[in-house]
Structure formats: C-alpha cells, structure tokens
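J.: So that we are looking at the same thing, I have put the structure below in structure tokens.
What follows draws every value from the coordinates through simple rules; no lab data is involved. Since we're looking at a predicted model, the values are computed, not measured. Glycine also receives a Cβ, built like all others from the backbone with ideal geometry; neighbour counts cover every protein chain displayed.
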Amino acid sequence: MALPTHHPADRGFTLVEALVAMLIVSMVVISYIGIRTSALLDATYARNWRLAREIAEEKMSELMAGARENMPESGIAVPIDKYEGFSFKIALGETDVAALEEQVASDAAGDDGDANQRIEWQREREDYRRASSRGLSRADYEQERNTNNINQKLAEKAPSATEFEEVAVAVYFPKLEARFPDDRDALVIKARISTLAISGLTPEQAKAIADSKGQSQGDSALPGGASDGGGSGGGLPGGR
C-alpha cells in the first residue's frame, strides 16, 4: 500500500513559526497600546489646562463684576467639588500676588537651582518695576508692601470704583506623571480690579462707609476692573 504524500503546503506551523507570529502580533499590539496611551495623556493634559483656564476666568469675572457677597480670603485654597483634584486660590494686593506667583514658579522649578535663581531674579526685577512706577526706592517699596495689605487699606478707606488693586487667581489641578502624590500643575491669571468690586459691597453700601469716615468718594457707580491679559506666564506649571 502506498503511503500518502504530504506536500509542504499541508504542513502545520512549527513551534518557531508560531513564536515568530506571536512576537509580531505582540509588537503590533504593544505599539497600538502605546499610541493610544499617549493620545489619552495628551487629551487629559489639554482638558485639564482648558478647565483650569475656564475656572480661573470665571472666578476673575465674578470678582470684576462684584458678584461675590463677601470679599474673598487671600491665599486660601478652595477645593472645586465639581472637578476632583482641582482647587483655586485668590490673591489680593501686590504682596499676596507676588507671593503666589513666586510659590507657583518655585514649585514648577522643583529642585532646579538655576531655575530658582531665575525666579528670584524675575521677582526682583518686577519689584523694581513696581517701585519705579510709584517713584519709590526698592527699600521704600518693600516696606510699603510688607506693612500695607488690602485689608488694611479697606479698613482705612472706603472701597471705591476708581481705586484699583492687583488680583490673581490660581487654579491647581492634578499633574500627569507626577513624581510625588501631591504634585500639582497650576495656572495663574491676573487683573487690576476696583476695591469696590473686591469688597463685594454695593455702591450704596460703599458710599455709606465713606460718609461715616468723612471721606470723599469718586465715581462708585460701577465695580469693574481692568484685565492685565494672560496672567503670570500664561499659566505656570507646577505648584502643590
């Protein structure tokens, strides 16, 4: 009896061929997963920064419109329940705004000594600019900044729609691929807002305070504010 003849095409996969096929499939799958993971990270990163910008602009708009019932506490972190891991701070007056910007920039730099030196140099340059705009020396400006915050100013003089203070809003949110559990990114925007809007008082209430202090108050019909534009570096990464 003649034995059946096996042609090469009829043979099954050998062990080596099967392993090679599995390797090729694994490489394709791993590559696809990597591309998908990178795309998800990019989308999450963009979404977080977009939300941070929207939240910061919303809080700043509330302040400029005088839509808050009470003056916010400067430098106090407030969690945002709607978005897990998000929080915001409002800094009132040049002293607190400068401290907030310095903290955010320092956190973004981490342990980078050169970056921290640049931050210090930028802070000194900004202080010099502000002092010069007021015709003050650097020492006089430092003394004024350290002894005259916005609460003291409002205690001494009634809020007004024609007097402005620097205000910053910082929004903190989860940092992707963070080195430490509490690492956060942060976005900061700034504006100059009238003391009337910051106080949360109505023009009538502000006028009553001015009258009680025997002070002349200018046009206090509208709260208002003047935006400084994009803010501190257009949004500084880092912060905790």
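J.: For a protection proxy built on the mean count of beta-carbon atoms within 10 angstrom, sort 193-199, 60-66, 44-50 highest first, please. Display every interim value, and only then the final one.
T.: Values: 193-199: 24.9, 60-66: 18.9, 44-50: 13.3.
Per-residue mean Cβ counts within 10 Å order the peptides as 193-199, 60-66, 44-50.
J.: Order the peptides 124-134, 98-108, 156-166 from the highest to the lowest mean number of other Cβ atoms within 10 Å of their residues.
T.: Working: 124-134: 12.8, 98-108: 20.7, 156-166: 19.0.
The densest-packed peptide leads the list: 98-108, 156-166, 124-134.
J.: Another question about this same structure. Please work out the FRET efficiency for the pair residue 46 and residue 22, using the Cβ-Cβ distance as r and a Förster radius of 51 Å; give the result to the nearest 0.05.
T.: Approximately 0.90, to the nearest 0.05.
J.: Over 22 Å between Cα atoms, which of 190/213; 59/207; 153/190; 89/175; 89/157 qualify? Kindly include the intermediate steps, with their values, before the conclusion.
T.: On the way: 190/213 31 Å; 59/207 26 Å; 153/190 20 Å; 89/175 17 Å; 89/157 25 Å.
Cα-Cα > 22 Å for 190/213; 59/207; 89/157; rest within.
J.: Rg (Å, one decimal) plus Dmax (Å, integer) for the alpha carbons of the range 152-199?
T.: For the range 152-199, the Cα-based Rg and Dmax read 16.6, 48 Å.
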